[in-house]
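Read through the structure below, which is laid out as C-alpha cells, and then see the notes.
Just so you know, all these numbers are worked out from the coordinates, no wet-lab data involved. All values derive from a computational prediction rather than experimental measurement. Cβ coordinates were reconstructed from backbone atoms using ideal geometry, including for glycine residues, and neighbour counts include every protein chain displayed.
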C-alpha cells in the first residue's frame, strides 16, 4: 500500500437514500486531490466518510496503510489522526489564535510545543495575529489559522471542505495558489472538496469529478478538460458544445463544419454516429476563412470575447476571440477549426 | 458571513433618529416615569446617610454575622447545585438520545412553576417528624423519635436543597439554549483534533456556553437572595428575614432600609462579577453554519444513567411535591373551596392582571420612546428601570413603604394645619402601593419582552409602510401589533404569574384584611396547617405552569440549524 489514502468500492446511504455508489480512488503520498462536482453530488459526504463522521455500508477506507473503516468496524473520528478544515473554518471563538492552533498539541513538552507553534505561525505568516481572537481576523486569516490548527498534530491526511467558499471571489485563486504552496511545503497528503473547477485546477494534482453519487473520472486537470471520459465530465468541465458527426476511420470524424482529425481516446467503430465535443478554443476567428458563422451573442471577458456563433444549419458553436475583434451581433464572421484533441461520444439515435 | 457583528445595525437605516436627548413631551414622560420607579432604590440607598449606630451595634453583636454567613452559604450552595442540576442535563438532552429524553427536554423546566416556599412547605410536610415518611419508619421499626437519625429539612442544608430544586431550570434553560446555538462544526472540528466526547464538552462546548450559563446563574443568585418564604419557614436567618425582623421586631425602618442596602451590595457585587466575566468572554460565533444536530444514541447503561440524572431533579423538584400537595388537597378541598377562597382567588387574579396590564402599557411606552432614537439618556433610563428585577421584594417593600408613609404623613399634617382636614393615610396601605411595588420589581420582565419584539421589526418595514402612504397610527395598528401580538401576550402572562407568586412584598404592603393566594398559603403553613395550605399552593403552581409551557414551546421552535430559525 504505497498510497496515503485508498478508498475501495465505498457506498453510503443516509436515511435509506443512496448518497454514494461504488467509489474507488487512491491518493499518492504528499498528493493533493480534489473532489469536484455540483452541490448535492455527494462529495462532502465522501469527505465526511473519510473523516469518520459518516459510516459506509459497503467498501473500505484506508489511511496511511491502516484500514480505518469497513461496514463493520468504524474507527472513531478522534482516533483517525486526520486534520480537517471546515467550510467556514469553525475556529473556537473562545480561544486566541495561538490556543486554536495548539488545541490538539497535548502530549508535547514545552519546548516541542513552542517549536511546532513557531513553525506553523511562520509557515502560514500569522506572526502578527497569534494573540488575537478569531472574530477580529479576516476570512483569509481565519482560513490560515484553521489550516494551522489542522496541521499542528501532523495528521496523516488533511481534509478541506470547500476551503474557498467563505472567501471573496477576487481572492480565491490567489489564496488557492498560496495554500497549495504551503501544503506542498509541508508534504501532507490532502483531499479537498470543491464545486468550482478553477479552484480545483489551481490547487489539485489530481481531480475526481463527481455527479449524483458517482465518481465519473479521476484524472489530472489537463486530461479532464481535453480528454473527458464521459459527456457528463465534458459538460461539467470547461465550456463547449456537442455537434453530431460520423466516424470515417479511426483518425477522422465527419461533421458539418468539416472533417476533424485526431485520435479519440475511446475507440469508436467506423460508420458509427457520434457527438463531437467542440471547445471554444477549438474554433478560431479567421477573416480569410470561407466558413462563415453569424454572431448570436457575445460576452466580454477582458482579453477575449466569448462568441456564440450560429451556422446556417442552426448549429451553435462557441469561440474565444481576442477582444480587439469586436463584431456586432448578427454579423457573419469567418471561422476556422483547430482541434488538437478529438473527443467523441457514441450517439444513440 | 464570516464574523457575526454586534447586531446594533438594526436602527441604522432609520432616518428619524435623534442623536441626543431632546426635551419633548414624550421624553419628559419617560423621565418622570423612570424617576418614579427609581424612588424605592433611592430611598434604600439613601438610608445609609442616616446612621442608626445603636441598632447597628446591636445587630453586629447578635445576628449580623449569622445573616452574612447564612446568606453566603445559601448563595454558594444553591449556585453549585443549580449548576450541577442545570448544565449536565442540558448537555445530555441536547447531544444524546436516551429513553424519555424527548420528554425530559421540556419536563426539566417544570420545577420553575414551583415557588420555593411552596416546595419547602411540601417537603416539610413529607419529611417532618410527624410526616408520612418518618411515621412509617417508626411504625415499621418500632423506634421512637430520637432513636434514629433523620436529616432535618428545616435547616440551611434543607433551604439550599429546596431552592436548588426549583431554581436550577434557569441554568438549564440558558445552558441548553447555548448548546443548541453552538455550531455543530465547532464540535466536529474538535473531534478531528483528537477530542473524545467528554473532551469536546470540557474544552469546547462548556467554555463557549459559559456566558449563557453565567446569565442563568445570576438569575438563580438573584432569586436566592430575594427568597423570604423558604428561609423564614426553615428558621434560617438571612438578610431578608433580618430585614423583616428589624422592621417589625425592632420597629426600626431606617435600620431595615440599611440592611436592605447591604443586601443590595451583595446583589450589585454579583451582577458586577457576572458582567465582568461576560465582558471577558464575549464570544462571537465565527461559524454561521449549522448542520442539524445529530443526537447520538446512548447505549443501555449510559442511557439509564442519563435518564436517572435528568429525571431526578425534575421528579424531586416537581412531581413529588405536586403529588404530595394533591394528596393533601384531596382531603381538605371540600371545606377550603368556599366563599373566602373564591374571594382570595379573585383578589390574586385581579391584582396580577391589573399589574400585568399596567406593566405592559408602561413597557410599550418605554420601548417606543427608545425606538427611533440614539439617545443614551433614554437608553440609560430604560435600563435603570429594568434593574428593579434584581432587587429583592423585601427591599422594594421597604423602599416603597418609607416614602409613601412620609408622603401621607406630610400631606395629612399640611392639610390639618392649613385646612383642618385630615387626609389620614391616603396611599400607603392601599392597593396602589402594592401595585407600584410590583411594577418596580417586574417592569423589567415586560420591558425586555416588548423591546425584543419591537427590535425584530426593522425600521425598513416602517419605511416601506410610509411609502404606501400609511400613517403612524396605521403602522402601529396594521404592522407592529400583528407582529408583536404573541410577545405582548407573553409579557402579560410572565408578569401575571410573577405577581401571583410574589410573597414578601405582598406580605408587607397588602392592605389590611386583604389576602392573596401566596399570602394565605404562607399564613396557613406558618400556622402548621399544611393540609389547608395545599389548595392555594396548588393554584399558584397551576398558574406557574403557563409560562413554562410558553418557554418550552419557544425553545423547541428555535433550534439552530432548523429551517424555522429566523
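Can you give the FRET efficiency to the nearest 0.05 for residue B:478 and residue B:29, using r as the Cβ-Cβ distance and R₀ = 30 Å?
Details: r = 25 Å, r/R0 = 0.84.
Efficiency at R0 = 30 Å is approximately 0.75.
Assuming R0 = 30 Å, can you tell me the calculated FRET efficiency for the pair residue B:470 and residue B:353, based on Cβ-Cβ distance, to the nearest 0.05?
Values: r = 33 Å, r/R0 = 1.08.
With a Förster radius of 30 Å, E is 0.40.
With a cut-off of 8 Å between alpha carbons and a minimum separation of six or more residues, what is the relative contact order of chain B in percent?
Values: 733 pairs, mean separation 140.0, N = 566.
Taking the mean separation of contacting Cα pairs over the length of chain B, I get 25 percent.
In nm, to one decimal, how far is the residue B:140 label point from the residue A:230 one, both placed 7 Å along Cα→Cβ?
Spacing of the two 7 Å Cα→Cβ label points: 7.2 nm.
Working from the alpha-carbon coordinates of chain A, get Rg over Rh, Rh being the Kirkwood radius.
Details: Rg = 24.1 Å, Rh = 22.7 Å.
Ratio of gyration radius to Kirkwood radius for chain A: 1.06.
How would B:494, A:20, B:259 line up from fewest to most surrounding beta-carbon atoms within 10 angstrom?
On the way: B:494 21, A:20 27, B:259 30.
Ranked by crowding around the Cβ, least crowded first: B:494, A:20, B:259.
Determine the relative contact order of segment A:3-234: mean sequence separation of Cα pairs under 8 Å and six or more apart, normalised by residue count, in whole percent.
Numbers: 452 pairs, mean separation 65.0, N = 232.
The value is 28 percent.
With a 10 Å Cβ neighbour count serving as the proxy for reagent exposure, in which order, fewest first, do B:545, A:72, A:243 appear? Intermediate values should be presented prior to the final figure.
Numbers: B:545 17, A:72 6, A:243 20.
The most exposed by this proxy come first: A:72, B:545, A:243.
Between helix A:139-151 and chain A, what is the angle of the helix's C-alpha long axis to the longest principal axis, kept within 0 to 90° and rounded to the nearest 10?
Helix A:139-151 sits roughly 60 degrees off the main axis of chain A.
Label residue A:315 and residue A:29 with points 7 Å out from Cα along Cα→Cβ: what is the distance between them in nm?
My value for the distance between the label points is 5.1 nm.
Put a dot 7 Å past each Cα toward the Cβ at residue B:432 and residue A:74; how far apart are the dots in nm?
Distance between the two pseudo-spin positions: 7.0 nm.
Which FRET efficiency value, to the nearest 0.05, do you get for residue B:312 and residue A:109 by plugging their Cβ-Cβ distance into 1/(1 + (r/R0)^6) with R0 = 41 Å?
Working: r = 43 Å, r/R0 = 1.06.
In this case the efficiency is close to 0.40.
Multiply the residue gap between residue B:423 and residue B:405 by 0.36 nm, knock off their C-alpha separation, and tell me the result in nm, one decimal place.
Contour length minus the Cα-Cα distance gives 5.2 nm.
Could you work out how far helix A:169-186 tilts from the main Cα principal axis of chain A, as a 0 to 90 degree angle to the nearest 10?
For helix A:169-186, the angle is close to 60 degrees.
What's the angle, to the nearest 10 degrees (0 to 90), between helix A:110-123's Cα axis and the longest principal axis of chain A?
The answer is roughly 20 degrees.
Report the gain in length on full extension from residue B:414 to residue B:379: 0.36 nm times residue separation, minus Cα-Cα distance, nm rounded to one decimal.
The residue B:414-residue B:379 span can extend by a further 8.8 nm.
Order of A:103, B:346 from fewest to most other C-beta atoms within 10 Å?
B:346, A:103
Is there a simple number for the mean count of other chain Cβ atoms within 10 Å of the Cβ of residues in A:132-141, and what is it? Walk me through the numbers before you get to the answer.
On the way: counts 0, 4, 7, 10, 2, 3, 2, 3, 1, 1.
Rounded to a whole number, the mean comes out at 3.
Under the definition of partner shielding as Cβ atoms of other protein chains within 10 Å of a residue Cβ, what is the mean value for peptide A:95-104? Could the numbers behind the result be given before it?
Numbers: counts 5, 0, 0, 0, 0, 3, 0, 0, 7, 6.
Mean inter-chain Cβ contacts per residue within 10 Å come to 2.
Given the peptides A:219-230, A:169-180, A:192-203, arrange them by the average over their residues of other C-beta atoms within 10 Å, most packed first. Walk me through the intermediate numbers first.
Values: A:219-230: 18.3, A:169-180: 16.1, A:192-203: 22.0.
By packing density, highest mean first, the sequence is A:192-203, A:219-230, A:169-180.
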